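Let me begin by presenting the structure, written as structure tokens, before commenting on it.
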């Protein structure tokens, strides 16, 4: 297609030989991605296959040690729980953000963003103070006459801490989708005789699902790689894969094994996402049709 | 140790014949720095940060002022990072403070074999100079117990620590990464073994003893966490670093040490393979080993100095946890280095599995 055929288009945009221009604008991002993600990732894969010698010995080792499989499975379980908790907490919150006036919304946004600006380590340490056996929550429980419960060094504690750290990643995509949903659709449904709950489940929920999926994927993937929070809030039974990678690389200098663990985690994640993708896509289409 | 000292002696004799009196002036004295000797040079010193590295920097201030060197502080020490530097042939860390074992495990590979004619190691406690390292300071791993919990019947040894029937309560163990050889040896003793004749298979037996402490056992990840466990009273018996134990008690933790068989540990000072100016690194080490430097280090950090002449001015609470008094020296337990160095990887693997809940 030449410029002369499309006289209404600004000529500079489509003149042959200048088509690279839009790509030139993405060059910084591309270079950055290749340099800080692509190349290191390539090195990790390479080293997992070449250290201490060429072959798949690191992968054989990974699948041969039961502890690795236990921890891999646990990593996915914890991440799934974190995602579920985040969805449950974030959904009503994001909805509220769309329903209130601008001033209250600003307060709600700040409540999400301010903890986001505080370092994850600091937030995790605050959770230590809250969750520990002699901590705030247990002291209150005892004051109220209940027995204390063990929260710190349990999976529950890790899930609570991680969900709090990751909550903004769920709320923000949800909010951006929800604010685009026309609330008059709900009124229309109700005017046609639907009860509010029916209107919500058949109209609002499907329209908001893209936000849920987007948030859930971000949270789930970020959760898989968590290190500090499970290390500080968890015990042996909530150790995640990142901790094992750290031991292999930093204590044992087994870069190959550490790399293999990273690759296994990455591939497993891809497989899970590939399995989830068709479901999400069909839901997307459905949502679009309605 | 004996071998290296003997080699040093041989070198002194040999050189003495050739150089005569001139050599006597060249023989290094710990803490002595030649005026302006490193002007225009830069050294990067790597350690673990925090109050510890601040104290080390203070201990090296005189060295910096006198020699004219520019000293950069970096950290924290990570052997993997050092390995990457050595492998790429671009070593930017000139002197590195490490844990107890790495200089032995990677001696000659990542750390230079030390030329003891360039260092004065005469004031260092017996048996602490390695082929690739000199100690950076001494400290201990000590059994701390809750005084209010055990009252008149306190635990006295690691055997009591591992005996949950006689001494019920929550235990806290160093879960910061690598296994502590000394603790595993004590555990092996509880299982009826002889630590001096330990084999690789025995590591499992020792770890089983630790595992039997039960699911309530806390594996603390950082020194600060161990201190916090004592101050909040969450653990009844804790395996603690002496510096942290001291601070916890100072902050009001109602804990007391059981010194019997406290585990002798130290940080090591090393020179990586491939540094640009080896002699400058030696000069820093030699200054660091000096009496005055070690006094400053002990006063700033409360760790035990490794120069026998050092007499740091510390208050009673700090002095109570210094490990170089004759009494403490008698009670200390030294891990079986010869066993742990070649079996470091196996032990780490098994320990990591325990840490990950297996």
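Nothing in this text is a laboratory measurement; each read-out follows from the coordinates by a stated rule. Fair warning: this is a prediction, and the values are worked out from it, not measured in the lab. Here the Cβ is made from the backbone with ideal geometry for all residues, glycine too, and neighbour counts use every protein chain on show.
Can you give me the Cα centroid spacing of segment B:139-180 and segment A:173-205 in angstrom?
With segment B:139-180 and segment A:173-205 each reduced to a Cα centre, they are spaced 60 Å.
Any chance you could check the Cα centroid distance between segment A:89-155 and segment B:37-95 for me, in angstrom?
Between the Cα centre of segment A:89-155 and that of segment B:37-95, the gap is 41 Å.
Over all residues in B:232-238, what is the mean tally of Cβ atoms on other chains that come within 10 Å of each residue's Cβ? Could you put the intermediate results ahead of the total?
Working: counts 6, 2, 6, 1, 0, 0, 0.
Taking all residues of B:232-238 together, the mean is 2.
Please order B:35, B:185, B:225 by the number of other Cβ within 10 Å, starting at the fewest. It would help to have the intermediate numbers written out before the result.
Working: B:35 9, B:185 25, B:225 20.
Least to most surrounded, the residues fall as B:35, B:225, B:185.
Could you put A:61, B:340 in order, starting from the residue whose Cβ has the fewest other Cβ atoms within 10 Å?
The fewest-first ordering by Cβ neighbours comes to A:61, B:340.
Could you work out Rg/(2.2 N^0.38 Å) for the protein assembly as shown, with Rg from alpha carbons only? Intermediate values should be presented prior to the final figure.
Details: Rg = 30.2 Å, N = 648, 2.2 N^0.38 = 25.8 Å.
So the protein assembly as shown has a normalised radius of gyration of 1.17.
What shape does chain A take by its C-alpha gyration tensor, where a ≥ b ≥ c are the square roots of the eigenvalues and a/c under 1.5 counts as rounded, a/b above b/c as prolate, and the rest as oblate? Walk me through the numbers before you get to the answer.
Details: a/c = 2.03, a/b = 1.09, b/c = 1.87.
The shape class here is oblate.
Measure nothing but the geometry: give the 0 to 90° angle between the long axis through the Cα atoms of B:223-232 and the longest principal axis through the Cα atoms of chain B, rounded to 10°.
40
Taking 8 Å as the Cα distance limit and 6 or more residues as the minimum spacing, I'd like the relative contact order of segment A:56-289 as a percentage. If you can, show how the numbers build up before the last one.
On the way: 247 pairs, mean separation 66.9, N = 234.
29 percent.
Using a ≥ b ≥ c from the Cα gyration tensor of segment A:140-285 (square roots of the eigenvalues), is it rounded, prolate or oblate, where a/c under 1.5 gives rounded and otherwise the larger of a/b and b/c decides, a/b for prolate?
Because a/c hits 1.5 or more and a/b fails to exceed b/c, segment A:140-285 counts as oblate.
Divide by every residue of chain A the summed helix terms, -39500 (n - 2.57) for each DSSP H run of at least 4, and state the resulting mean residue ellipticity at 222 nm, rounded to the nearest 500 deg cm²/dmol.
-23500 deg cm²/dmol
Looking at chain B only, what percent of DSSP beta bridges run antiparallel? Nearest 5 please.
For chain B, the DSSP antiparallel bridge percentage is about 60.
Working from Cα positions, state the angle (0 to 90°, nearest 10) between the long axis of helix B:344-355 and the longest principal axis of chain B.
Its long axis makes an angle of about 40 degrees.
Expressed as a whole number of Å, what is the distance separating the alpha-carbon centroids of segment B:212-287 and segment B:293-358?
Computed from Cα coordinates, the inter-centre distance equals 7 Å.
In deg cm²/dmol and to the nearest 500, what is the mean residue ellipticity at 222 nm of chain B if only DSSP H runs of at least 4 residues count, each as -39500 (n - 2.57), divided by the residue total?
Numbers: 18 runs with 152 residues, N = 358.
Value at 222 nm, helices only, nearest 500: -11500 deg cm²/dmol.
Going by alpha carbons, how many degrees (0 to 90, nearest 10) lie between the helix axis of B:181-190 and the longest principal axis of chain B?
Value to nearest ten degrees: 30.
Which ordering of A:176, A:197 is given by a fewest-first count of other beta-carbon atoms within 10 Å?
Ascending Cβ contact count within 10 Å gives the list A:197, A:176.
Take every DSSP beta bridge whose two residues both sit in the protein assembly as shown, then give the antiparallel share in percent to the nearest 5.
60
Classify chain B as rounded, prolate or oblate, taking a ≥ b ≥ c as the square roots of the eigenvalues of its Cα gyration tensor: rounded when a/c is under 1.5, otherwise prolate if a/b is larger than b/c and oblate if not. List each step's numbers first, then the result.
Working: a/c = 1.94, a/b = 1.68, b/c = 1.16.
It comes out prolate by the Cα gyration axes.
Compute the relative contact order of chain B as a whole-number percentage, counting only Cα pairs closer than 8 Å that sit 6 or more residues apart in sequence.
Once normalised by length, the contact order is 26 percent.
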